[in-house]
Amino acid sequence: MMPNNAYQAYQNNAIKTASSGELTLMLYNGCVKFIKRAMKDIETKDYESKNKNIQKAQRIIQELMITLDPNVELSKQIMPLYDYMHHRLTEANVENNNTYLEEVLEFVIEFRETWKQVLQKAKQTQPPLEGIK
């Protein structure tokens, strides 16, 4: 197995065995990665790559929007923020504007850090599995 194939297999296994909470964290991490790449692409004037990376970030935001439960009050508050971030990514793409990307990046990092805290708190309150000390 080639090193790249081994890494891909590892990533696929990590995704398949992750909880829904861990998958959400992976989405946030991916969004951060693609926004940062797009920012570098703007600096180097690699507009084709910038477009691809922004579109990947937008697809992640769309996936996060889909996962929101519309019956939960918090979801009703988060949805407009996701919508704004998606719109701002579109503007950044059209205008090649790193300031817009930085703004969205700050939101995504804030969501990611909050989500990490939620996962840590959930692990602390989760009862231990039987037979494991």
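You will find that of ARG59, ARG88, the residue that is of a type in the set (D, E, K, R) and crowded, with 18+ Cβ neighbours inside 10 Å is ARG88 and no other. Taken together, the residues in segment 47-87 that are in contact with a Phe, Trp or Tyr (Cβ under 6 Å, 6 or more places away or on another chain) and either β-branched (Val, Ile, Thr) or more than 15 Å from LEU25 (Cα to Cα) (or both) amount to 4. Only a single criterion out of (1) at pLDDT 95 or above; (2) farther than 30 Å from THR44 by Cβ is not satisfied by GLU103, namely (2). The sole residue among LEU119, LEU105 that is closer than 21 Å to SER19 by Cβ and either in contact with a Leu (Cβ under 8 Å, 6 or more places away or on another chain) or in a helix (DSSP H, G or I) (or both) is LEU119. Within segment 17-42, residues that are without any contact (Cβ under 8 Å) to a residue 24 or more places away in the chain and part of a helix (DSSP H, G or I) reach partners that are of a type in the set (S, T, N, Q) and buried (at least 18 other Cβ atoms within 10 Å of the Cβ) with beta carbons closer than 9 Å, at six or more positions or on different chains, in the pairs LYS33/ASN53; ARG37/ASN53; LYS40/ASN53; ASP41/ASN53. Among the residues of segment 66-88, are any in contact with a Lys or Arg (Cβ under 7 Å, 6 or more places away or on another chain), among the polar types (S, T, N, Q) and either farther than 19 Å from GLU22 by Cα or in a helix (DSSP H, G or I) (or both)? No: segment 66-88 contains no residue that is in contact with a Lys or Arg (Cβ under 7 Å, 6 or more places away or on another chain), among the polar types (S, T, N, Q) and either farther than 19 Å from GLU22 by Cα or in a helix (DSSP H, G or I) (or both).
The values are calculated or read from the model by the stated rules, or taken from the named source; none is laboratory data. Bear in mind that the values here come from a model prediction, so they are computed numbers and not experimental data. No Cβ is skipped: glycine too gets one built from the backbone with ideal geometry, and neighbour counts run over all protein chains shown.
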